[in-house]
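Working notes, beginning with the structure itself.
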């Protein structure tokens, strides 16, 4: 269930002789290719980006970032994802 995208490829006979070809693409010989999102996907992405600029989102994300860094430090420093025992009954609490 990935994002819906539209692939657009220009024909070499249309794209290669263009005088501004070097400003349009970095490819030396290949024609221009574009990948465009559908309108619904683009609108959803723009709405999410606008929401991320609000102060309410930044406040919530600051808390989350602090928690994520604490968890990351624990995983890196103390190997919290590793169980000391392979027995399920001994490592039950770590699996929660």
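Look at the alpha carbon pairs under 8 Å that are at least 6 residues apart: their mean separation over the length of the chain gives a relative contact order of 22 percent.
Over all distinct Cα-Cα pairs of region 1-53, the Kirkwood formula returns a hydrodynamic radius of 13.3 Å. With 0.36 nm allotted per residue and the present C-alpha distance subtracted, the residue 12-residue 50 stretch has 9.9 nm of extension available. Summed over qualifying helices (DSSP H, 4 residues or more, each -39500 (n - 2.57)) and divided by its residue number, the chain shows a 222 nm mean residue ellipticity of -14500 deg cm²/dmol.
I'm spelling it out carefully: the read-out is semi-axes √(5λ) of the Cα gyration tensor in Å, the candidates are (1) 23, 16, 13; (2) 48, 22, 15; (3) 78, 21, 6, and one was derived from this structure. Which label? Matching the structure shown: (2).
For an R0 of 35 angstrom, estimate the FRET efficiency from the Cβ-Cβ distance between residue 37 and residue 69 and round to the nearest 0.05.
Numbers: r = 32 Å, r/R0 = 0.91.
For R0 = 35 Å, the calculated efficiency reads 0.65.
Computed from the coordinates by the stated procedures, all read-outs in this text should not be read as laboratory data. Computed from a predicted model, the values in this text were never measured in an experiment. No Cβ is skipped: glycine too gets one built from the backbone with ideal geometry, and neighbour counts run over all protein chains shown.
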